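Here's the structure, in structure tokens; my notes come after.
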Amino acid sequence: MKVPDGVALVQAAIDAYNRRDVAELRELMTEHVQLRPPVSALTGRAYLGHDGIAEWLHDVDESFASAEIVPLELQDLEGTVLALTEFVVEGYESRVPLGSEL
């Protein structure tokens, strides 16, 4: 698989996340990836490497009945991608969808 550049890379990663395609996420990210979701500001925990990506997906799926990243705006800013997204989750018991912009 050829790794896309810039905005296409971010879109491909979002799509792979929403499909829970761990294999594709591993292809799109380096072995040294450090994922720090917003909750890591409270927990101090980061997900490290390819195994960390798989663990993160597992943790999200354990926490929510559904979770999806919705891209609102993706912009290439000369080698850096600005990704404005909404993280939409649904609780197991309430089934109420909640969203937060990231």
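Tabulated values for the structure
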item	result
Helix 6-19 axis, angle to the chain major axis (alpha carbon atoms, nearest 10°)	30 degrees
Equivalent ellipsoid semi-axes - Cα gyration tensor, segment 33-92, angstrom	22, 17, 10
Mean-position separation - Cα centroids, segment 4-19 and segment 53-100, in angstrom	13 Å
For the chain, convex hull of alpha carbons as volume per residue, Å³	106 Å³
Gain on full stretching of the segment that runs from residue 43 to residue 58 - 0.36 nm per residue minus C-alpha separation	3.7 nm
J(HN,Hα) series, segment 86-99, from Karplus relation 6.51 cos²θ - 1.76 cosθ + 1.60, nearest Hz, glycine and proline x	10, 9, 10, 10, 10, x, 5, 8, 6, 6, 8, x, 10, x
The chain - percent of accessible surface contributed by carbon and sulfur, probe 1.4 Å	55 percent
Charge context of residue 81, other residues only, Cβ under 13 angstrom, K/R +1, D/E -1	-4
Solvent-accessible area of residue 58 with every protein chain in place, 1.4 Å probe, in Å² to the nearest 10	100 Å²
Accessible solvent surface per residue of the chain, calculated while the other protein chains remain in place, 1.4 angstrom probe, Å²	65 Å²
Folded to 0 to 90 degrees: helix 49-63 orientation relative to the chain principal axis, Cα	30 degrees
Label-point separation in nm, residue 90 to residue 33, each point 7 Å along Cα→Cβ	2.5 nm
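The values are calculated or read from the model by the stated rules, or taken from the named source; none is laboratory data. This one's a predicted model, so the numbers in the text were calculated from it and none came from an experiment. So basically every Cβ, Gly included, is an ideal-geometry build from the backbone, and we count neighbours across all protein chains shown. Heads up: the accessible areas ignore ligands, DNA and RNA and are worked out on the full protein's heavy atoms, side chains in. Shrake-Rupley method; radii C 1.70, N 1.55, O 1.52, S 1.80 Å.
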